[in-house]
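The block underneath contains the structure these notes are about, expressed in structure tokens.
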Amino acid sequence: MDLARYRAALRAWLDADADADTVADTGAAPTAADDLNRRVVRTRRILGRLWAADLGRWGWPERAGGLGGSPLLRAELGATLVARDLADPGVLAMIEVLAPTVIEAAPADRAAEWVPRLCSGAEVWCQGFSEPATGSDLAALTCRATPVGGDPATASAFVVRGQKVWTSLAQYADRCVLLARTGPPEARHRAITAFLVDMDDPGITVAPIEMVNGAREFAEVFFDDVVVPADRVLGARDGGWDLAMRILPYERSTCFWHRIAYLEQRCTRLAAAAPADDRAALALGEAVGAVHTLRARSRATLHRLAAGETLGPETSVDKLLVAAAELATFDAARALLPGTVELADDPVAAVWRREYLYSRAVTVYGGTAEIQRNIVARRLLDLGPEG
Amino acid sequence: MDAAERALLDASVQTAVADAVARDVPVDPVLARLGWPAMLSDEPEAAVAAVFGALGRTGARSGALDDLCAHALGFAPRPDLAVVLPAFGGWAPPGTVTAGTVRVAGLGTARAATATDLLVATDAGPVVVPVGAGTVTPIGGVDPAGGFHAVRAEWPGVTPTPDDGRAWAAAVALGQRAVGHEVAGAARTVVDQARDHARTRIQFGRPIAAFQAVRHHLADAFVAVEGLEAALDAAAVAGTPVTAALAKAAAGRAARSVVDHCRQVLGGIGFTTDHPFHRHWTRLLVLEGLLGTPEALLTDLGRGWIAAGGVPTLVDL
Ligand SMILES: Cc1cc2nc3c(=O)[nH]c(=O)nc-3n(C[C@H](O)[C@H](O)[C@H](O)COP(=O)(O)OP(=O)(O)OC[C@H]3O[C@@H](n4cnc5c(N)ncnc54)[C@H](O)[C@@H]3O)c2cc1C
């Protein structure tokens, strides 16, 4: 399946789709919570329908239940859905990050069982990395997975105890890709193991956290002696760090293409709402310029991925450009729609407000802007160690 | 041309231009020996990237932009033909024709000093007039080494080659991409200079590259150049005036960001003529406005999108 043919087939399918559920709904939900619920439900529904129609299966390997083909097809799919307001880029991003993790690290038969459930929207998964005392310094995590019987190499199960925080979509999630400590804290990144945990296991409590924009997108997740079978280890025991690092660049490829579609869609809304004066024109131009530079960079990254290259620290550049583009887009919203974010209560304003506030998180999640600069300095500019 | 061939071309042009600069001999004959501007017809993308990237990296003065614009306007480039560029900051054709008389006020490159003819884009199409039709005055300005000139001329009895403005739009787009590559080359050199300085300058008993504030300045500069190069590649792929203008706007923004971050890393030496940084800094001040400042370009594009009520997809996957 080549990209042009896929694009045409996808668009034709969406254009002809008579299901009212898949028709874009741009009306604003009354509350932030309703809004998030709706975005999650809508995303799952369209993914399910596209999976059933096979269009959702392209770009995922055949051994994982997909139809094969380039990851560009997945990039195109998500971007098209987001541009049409049919799917939420944040929900899609979780899939783009976690499905490759499982494909890379789970036994083949389990990957073939799990990946289709995730990619078809039948299940929602979350990523349990951050902890109250462990954000940027992920290697210091303390959530413990104790091998039953004491020997991690032979244990048939692990008992998980500890807490995660800022876990996006945890309250919707069926499963969690969890990083937990399987050795002494001094061993830092050498004693961390990745697990795929069922969120309905006894001992798991999810406590959603309200964000500044009113949504409860992430949660605290408590693990109180949760028994996880050893066949739920992803990758090697004590190899969780390697896995996380290997997967990290994939957080910065296809899902960025989806995010670009979202930002461009918002720029288009701004163009439609903006006054015809030069101040507005420049503010819009700055935003589109920043998003375009990001698009150009991300396009090159995706083509490298599609050509089979291994992505690495250079994707920190992409992350910093995403931050610049998202900040610029919502700075433009404030400039072009004065008072909307700050003091308007109509439903359209509520969406701009929520999204403006959320946009400020772009320099924090997925590795902060400072951590990305540290990586650029050390790995790309070869400046030697800090300090 | 595949990636390896392009890398080879980039390297050979870079070596030859750097050598000419080191020996203080004119660059244009060196470029001619390498096949410029003939290669504009066969491999325009690779040629523009290699030649203007090298000019930017070395800070050489050249008439390559004249050749490029002449080519895009449908005229055969020659060493004695200078193209009148738009006034600083803009991209409108610099000439007007009234009752058969052409009037022009614009900028010239180093080529203007030795050319015998001027190619003038006007609202009615391009015309060629003799240099004697006007005055060509060297500009000192912030970057006397850049070889820029103020060009003014008035010449009666001209018949412009009629066109619908599309040739000029194409010349501007190609010129914007070329200047963008020149900015990218200069910016790379500046980042290299600041990085070398950070690794060798010792303060508080260690190289200043150990300080996170310094590292972050360099990282931001690096990201700006990487973004610019991506925007230039996208403009080559899309081949549209809008993506060329956006690449030029990205170049202007990157120029400012790179110079500001790197000058800070260089400290006092960055303000002296002892260190080569100043040559690129002052050149970038000029290149930032050549064929459109970022503000003017982005305002113009923004106006168009507001009028259209939306932003189209500018380059596909
Ligand atoms: C909207 C949102 C969604 C999220 N979703 C998830 C999720 O699904 N799963 C998950 O596991 N986590 C998630 N996170 C958590 C996110 O990964 C962390 O917030 C992030 O890694 C930063 O950690 P922290 O908040 O503890 O900040 P800290 O690490 O404490 O950092 C605080 C500040 O100090 C700076 N800093 C820290 N270390 C350095 C250093 N070495 N050099 C320079 N500056 C430094 C940081 O850049 C930052 O500015 C989410 C966060 C947000 C905001």
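Being in a strand (DSSP E or B), within 8 Å of the ligand (Cβ to nearest atom) and touching a residue at least 60 places away in the same chain (Cβ under 8 Å) is the filter here, so list the residues in the stretch A:155-178 that pass it.
Residues satisfying the conditions are A:Trp166, A:Ser168.
Quick test for you: out of A:Thr205, A:Thr193, pick the one residue that is within 16 Å of the ligand (Cβ to nearest atom) and β-branched (Val, Ile, Thr).
Just a single option satisfies the conditions, and that option is A:Thr193.
State whether one or more residues within the stretch A:240-255 are buried (at least 22 other Cβ atoms within 10 Å of the Cβ), in a loop (DSSP other than H, G, I, E, B) and at negative phi.
Yes, there is a match, as at least one residue in the stretch A:240-255 is buried (at least 22 other Cβ atoms within 10 Å of the Cβ), in a loop (DSSP other than H, G, I, E, B) and at negative phi.
Do we have any residue at all in the stretch A:270-277 that's at the interface with another protein chain (Cβ under 7 Å from one of its Cβ atoms) and over 12 Å from B:Trp305 (Cβ atoms)? Don't jump to the end; show me each part of the working.
Step one: filter the stretch A:270-277 for residues at the interface with another protein chain (Cβ under 7 Å from one of its Cβ atoms), giving A:271-272, A:274, A:276.
Filter once more, so that each one left must be over 12 Å from B:Trp305 (Cβ atoms): none.
No.
Suppose the filter is surrounded by 24 or more Cβ atoms within 10 Å (Cβ to Cβ), out of contact with any strand residue (DSSP E or B) (no Cβ under 9 Å at 6 or more places or on another chain) and aliphatic (A, V, I, L, M); does B:Ala173 pass it?
Here the answer is no, as B:Ala173 does not meet what is asked.
Do we have any residue at all in the stretch B:102-118 that's within 14 Å of B:Ala153 (Cβ to Cβ), in contact with a helix residue (DSSP H, G or I) (Cβ under 7 Å, 6 or more places away or on another chain) and part of a strand (DSSP E or B)?
Yes, some residue in the stretch B:102-118 is within 14 Å of B:Ala153 (Cβ to Cβ), in contact with a helix residue (DSSP H, G or I) (Cβ under 7 Å, 6 or more places away or on another chain) and part of a strand (DSSP E or B).
Let me confirm something: among A:Val322, A:Val317, which residue is modelled with pLDDT of 95 or more, away from the ligand (no atom under 16 Å from the Cβ) and assigned to a helix (DSSP H, G or I)? Write out each step before concluding.
On the way: A:Val322 fails: away from the ligand (no atom under 16 Å from the Cβ).
A:Val317 is the lone residue from the list that is modelled with pLDDT of 95 or more, away from the ligand (no atom under 16 Å from the Cβ) and assigned to a helix (DSSP H, G or I).
Would you point out the residue of the stretch A:182-202, among those that are outside any helix (DSSP H, G or I) and small (Gly, Ala, Ser), that is nearest to A:Ala230 (Cα to Cα)?
Restricting to residues being outside any helix (DSSP H, G or I) and small (Gly, Ala, Ser), the top hit is A:Ala194.
Taking A:Ala280, is it more than 30 Å from A:Cys143 (Cα to Cα), outside any loop (DSSP other than H, G, I, E, B) and either at pLDDT below 95 or more than 16 Å from the ligand (Cβ to nearest atom) (or both)?
Judged against the criteria, A:Ala280 is a match.
May I ask you to list the residues in the stretch A:137-154 that are open to solvent by 40 Å² or more (accessible area, probe 1.4 Å) and within 15 Å of the ligand (Cβ to nearest atom)?
If the condition is that a residue be open to solvent by 40 Å² or more (accessible area, probe 1.4 Å) and within 15 Å of the ligand (Cβ to nearest atom), then A:Asp137, A:Thr142 are the ones that fit.
Inside the stretch B:4-50, can you point out the residues that are closer than 21 Å to B:Ala173 by Cβ, open to solvent by less than 30 Å² (accessible area, probe 1.4 Å) and part of a helix (DSSP H, G or I)?
B:Met39, B:Leu40, B:Ala46, B:Ala47, B:Val48, B:Ala49, B:Ala50
Name the residues in the stretch B:82-106 that are of a type in the set (A, V, I, L, M, F, W, C) and surrounded by fewer than 21 Cβ atoms within 10 Å (Cβ to Cβ), would you?
Passing the criteria: B:Ala87, B:Phe88, B:Ala92, B:Val97, B:Ala99, B:Ala105.
Residue-wise test of (1) farther than 22 Å from B:Thr58 by Cβ; (2) β-branched (Val, Ile, Thr).
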{"position": "B:Val214", "(1), (2)": "yes, yes"}
{"position": "B:Val225", "(1), (2)": "no, yes"}
{"position": "B:Ala251", "(1), (2)": "no, no"}
{"position": "B:Ala254", "(1), (2)": "no, no"}
{"position": "B:Pro276", "(1), (2)": "no, no"}
{"position": "B:Thr282", "(1), (2)": "no, yes"}
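Has the stretch B:149-159 got at least one residue that is open to solvent by 10 Å² or more (accessible area, probe 1.4 Å), over 16 Å from B:Leu81 (Cα atoms), among the polar types (S, T, N, Q) and outside the structural domain of B:Ser62 (by TED's automatic domain parsing)?
Yes - at least one qualifying residue is present in the stretch B:149-159.
Output the qualifying pairs, or none if there are none: Cβ atoms under 8 angstrom, residues six or more apart or on different chains, first residue in the stretch B:204-222 and free of Cβ contacts under 8 Å to residues at least 24 places away in the same chain and at the interface with chain A (Cβ under 9 Å from one of its Cβ atoms), second residue open to solvent by less than 20 Å² (accessible area, probe 1.4 Å) and among the charged types (D, E, K, R).
Partner pairs satisfying both residue conditions: B:Ala209/B:Arg215.
Just to check your reading of the model, which residue among A:Thr301, A:Thr310 is within 25 Å of B:Val225 (Cα to Cα), open to solvent by 20 Å² or more (accessible area, probe 1.4 Å) and hydroxyl-bearing (Ser, Thr, Tyr)?
Being within 25 Å of B:Val225 (Cα to Cα), open to solvent by 20 Å² or more (accessible area, probe 1.4 Å) and hydroxyl-bearing (Ser, Thr, Tyr) holds for just one of A:Thr301, A:Thr310, which is A:Thr310.
Give just the number: which of (1) within 14 Å of chain B (Cβ to nearest Cβ); (2) surrounded by fewer than 20 Cβ atoms within 10 Å (Cβ to Cβ); (3) in a loop (DSSP other than H, G, I, E, B) does A:Leu383 not satisfy?
Single failed check for A:Leu383: (2).
Just to be sure before I move on: is A:Thr182 open to solvent by less than 40 Å² (accessible area, probe 1.4 Å), within 15 Å of the ligand (Cβ to nearest atom), among the hydroxyl-bearing types (Ser, Thr, Tyr) and under 16 Å from A:Gly240 (Cβ atoms) in the structure I sent?
no
For every residue, the table says whether it meets (1) in contact (Cβ under 8 Å) with a residue 40 or more places away in the chain; (2) within 17 Å of B:Leu291 (Cβ to Cβ); (3) aromatic (Phe, Trp, Tyr).
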residue	(1), (2), (3)
B:Ala38	no, no, no
B:Ser41	no, no, no
B:Ala50	yes, no, no
B:Asp67	no, yes, no
B:Pro79	yes, no, no
B:Gly89	yes, yes, no
B:Gly100	yes, no, no
B:Asp117	no, no, no
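Out of all the residues in the stretch B:179-194, is one or more open to solvent by 60 Å² or more (accessible area, probe 1.4 Å) and out of contact with any Ser or Thr (no Cβ under 7 Å at 6 or more places or on another chain)? Please lay out each step first, then the result.
Within the stretch B:179-194, the subset open to solvent by 60 Å² or more (accessible area, probe 1.4 Å) is none.
Scanning the stretch B:179-194, I find no residue that is open to solvent by 60 Å² or more (accessible area, probe 1.4 Å) and out of contact with any Ser or Thr (no Cβ under 7 Å at 6 or more places or on another chain), so the answer is no.
So how many residues does the stretch A:337-379 have that are within 16 Å of the ligand (Cβ to nearest atom) and either among the aliphatic types (A, V, I, L, M) or within 14 Å of chain B (Cβ to nearest Cβ) (or both)?
Going through the stretch A:337-379 one residue at a time, the tally reaches 18.
I want to confirm something. Restricting to the stretch A:211-239 and keeping residues that are of a type in the set (D, E, K, R) and assigned to a strand (DSSP E or B), which single residue is nearest to A:Gly59 (Cα to Cα)?
Pass one, the stretch A:211-239, residues of a type in the set (D, E, K, R): A:216-217, A:220, A:224-225, A:231-232, A:237-238.
Remaining after also requiring assigned to a strand (DSSP E or B): A:220, A:224-225.
Working: A:Glu220: 33, A:Asp224: 38, A:Asp225: 38 Å.
Here the answer is A:Glu220.
Of the residues that sit in the stretch A:327-336 and are open to solvent by less than 20 Å² (accessible area, probe 1.4 Å) and either among the hydrophobic types (A, V, I, L, M, F, W, C) or within 12 Å of the ligand (Cβ to nearest atom) (or both), which one is farthest from A:Val212 (Cα to Cα)? Even if it seems obvious, please write down each step before you answer.
Filtering the stretch A:327-336 for residues open to solvent by less than 20 Å² (accessible area, probe 1.4 Å) gives A:329-330, A:332-333, A:336.
Retained after the next criterion (residues that are either among the hydrophobic types (A, V, I, L, M, F, W, C) or within 12 Å of the ligand (Cβ to nearest atom) (or both)): A:330, A:332-333, A:336.
Numbers: A:Phe330: 16, A:Ala332: 20, A:Ala333: 18, A:Leu336: 22 Å.
Step by step, filter the stretch A:327-336, then rank; the result is A:Leu336.
The values are calculated or read from the model by the stated rules, or taken from the named source; none is laboratory data. Since the structure is predicted, the reported quantities are computational estimates derived from the model, not experimental observations. Cβ: placed from backbone, ideal geometry, glycine included. Neighbour counts: every protein chain shown. What goes into the accessible areas is simple: the full protein's heavy atoms, side chains included, and nothing from ligands, DNA or RNA. Shrake-Rupley method; radii C 1.70, N 1.55, O 1.52, S 1.80 Å.
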